[in-house]
Amino acid sequence: MAEVSTALPASVRRGYGLGSVATGAFGTVPGLLLLPYLTDHLGVAAGLAGVIVFAPKAWDVLLNPVAGRISDSSEHRDGGRRPFLIRAGLLLSLAFALLFLGPVTPMWLGAAWVAVAYLACATAYAFFQVPYVAMPAEITDDYDERTRLMTWRVAVLALAILVSGGASPAIRDALGREWGYRVVGFFVAGLIAFGAWAAWHGTRAAPVRRPHAAGIGFGTQMRIIATDRPFRLLLTTFVLQALATGAMLAGVDYVATWVIGTKLSATILFVCFVAPALVVTPLWQRYGVRRDKKRGYLLASVLLGLGALVVVLARGLPVAVVYAAVAVVGVGYAGAQLFPLAMLPDVASRNADAHTRVGVYTGIWTAGETLGLALGPGLYAAVLALGGYVSSRAGVVVVQADSALTAIVVGFSVVPAVLVGLSLITLTRYSLTREVEPR
């Protein structure tokens with residue numbers, strides 16, 4: 001097996017980063033359009049729609065640590081992690097193509113189709129995402145090289161989110177909701193398939209350290225990780241921010257439709273949220289190398305929370321100001337993705353024994369991320385239900401009460417801002433920095 005070198009080849013950085021085309025597309029479009037598809041196309045009540053969106057992801061919370069354990073013990077001539085990328089990635093692509101192909105009537109059948117198809121997506125995604133996120137801890141030992149590797153990943157992630165999240169509402173609106181949603185399904189399925197293949201192909205030359213299987217059981221490993229304070233603090237911070245991001249993503253279409261109400265406003269709002277990452281991610285990377293990752297993460301989190309809080313005034317602000325506030329959120333979001341992903345390998349591989357359970361660490365991490373991103377739309381749906389939001393079937397025009405409009409804005413701004421504020425409590429207690437470099 002090749003030795004782990006300090007500097008990674010540029011081709012490996014690019015190849016690994018391209019896997020984010022799959023994670024970005026799948027992580028974004030369901031959070032952006034699945035809840036509106038259920039409430040405003042199938043006519044599912046907001047509360048039930050939130051459950052349908054959340055339940056398959058809750059399954060992932062249980063499945064991800066298992067997927068990590070399986071990939072930890074996998075042996076293959078192409079590396080233990082890489083085969084999962086192509087196999088699970090292509091299965092995810094197929095399942096996503098089916099997601100929006102179900103019947104519209106009766107409502108219960110359409111809702112059941114979505115629930116089953118989304119469960120299949122979540123299962124396949126677990127076996128793609130966990131090995132993919134686990135790879136950096138085995139590719140390089142260098143503290144700053146991991147930040148550089150994550151810079152590629154987050155830059156590609158931002159582009160994938162921008163393309164998938166920006167184009168999907170435009171495709172839906174251009175083709176009409178019935179055919180538009182179906183075409184979106186195939187469009188995103190193609191992005192997922194490309195990302196899975198690119199990650200598998202691009203990392204074929206990656207140096208990988210694969211230890212012998214751990215001599216302790218899965219339950220013991222879980223208990224050891226549960227006592228790992230730096231990991232707990234970093235995970236809690238990230239999950240709270242994933243919950244905030246999930247709520248904001250779920251609210252984009254509702255804010256665009258009911259608050260801004262102009263043509264292509266959903267796409268413009270989404271672009272304002274994601275596009276800044278293409279510019280600022282390299283700047284965040286430089287800041288992290290010069291000043292440390294934790295400092296960068298703190299600054300990015302503050303921008304994320306403050307930008308979200310300003311949007312609470314969206315109903316009384318000029319549209320341009322709303323877009324600008326969301327762009328500030330986007331600047332913070334870029335750093336809040338880059339830094340924790342660069343810090344995770346530091347935590348997971350800081351001693352020799354930990355290398356035998358990197359997949360378990362990663363499985364718990366991705367389970368937490370999945371839980372946050374799944375609870376976000378569910379939380380947003382709950383806020384809509386409390387505000388009296390009226391669901392409707394395709395083609396039916398409804399009028400929302402003032403309380404519902406308030407709920408749309410509060411769920412998009414105040415709720416995420418509060419969650420980010422809570423995340424700062426755990427982040428300030430995290431102590432693993434360059435000065436306390438992992439071993």
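The values are calculated or read from the model by the stated rules, or taken from the named source; none is laboratory data. Remember, it's a predicted structure, so these values are computed and weren't measured experimentally. Every residue, glycine as well, gets a Cβ built from its backbone with ideal geometry; the counts of neighbours run over all protein chains shown.
Here's a check for you: in the range 100-111, which residue that is in contact with a helix residue (DSSP H, G or I) (Cβ under 9 Å, 6 or more places away or on another chain) and not in a loop (DSSP other than H, G, I, E, B) is surrounded by the most Cβ atoms within 10 Å (Cβ to Cβ)?
Per the criteria, the residue is Ala111.
Of Ala189, Ala196, Ala134, which residue is modelled with pLDDT of 90 or more and touching a Gly at 6+ places or on another chain (Cβ under 6 Å)?
Details: Ala189 fails: touching a Gly at 6+ places or on another chain (Cβ under 6 Å); Ala134 fails: modelled with pLDDT of 90 or more.
When all the criteria are applied, what remains is Ala196.
Assess whether Ala88 counts as being in contact with a Phe, Trp or Tyr (Cβ under 8 Å, 6 or more places away or on another chain) and of a type outside the set (Ser, Thr, Tyr).
Against the criterion (in contact with a Phe, Trp or Tyr (Cβ under 8 Å, 6 or more places away or on another chain) and of a type outside the set (Ser, Thr, Tyr)), Ala88 qualifies.
Report yes if some residue within the range 265-278 is surrounded by fewer than 21 Cβ atoms within 10 Å (Cβ to Cβ) and on the phi > 0 side of the Ramachandran plot; otherwise report no.
No, that holds for no residue.
From the residues in the range 294-316 that are over 17 Å from Pro416 (Cβ atoms) and without any contact (Cβ under 8 Å) to a residue 60 or more places away in the chain, which one is farthest from the chain's Cα centre (by Cα)?
Gly316
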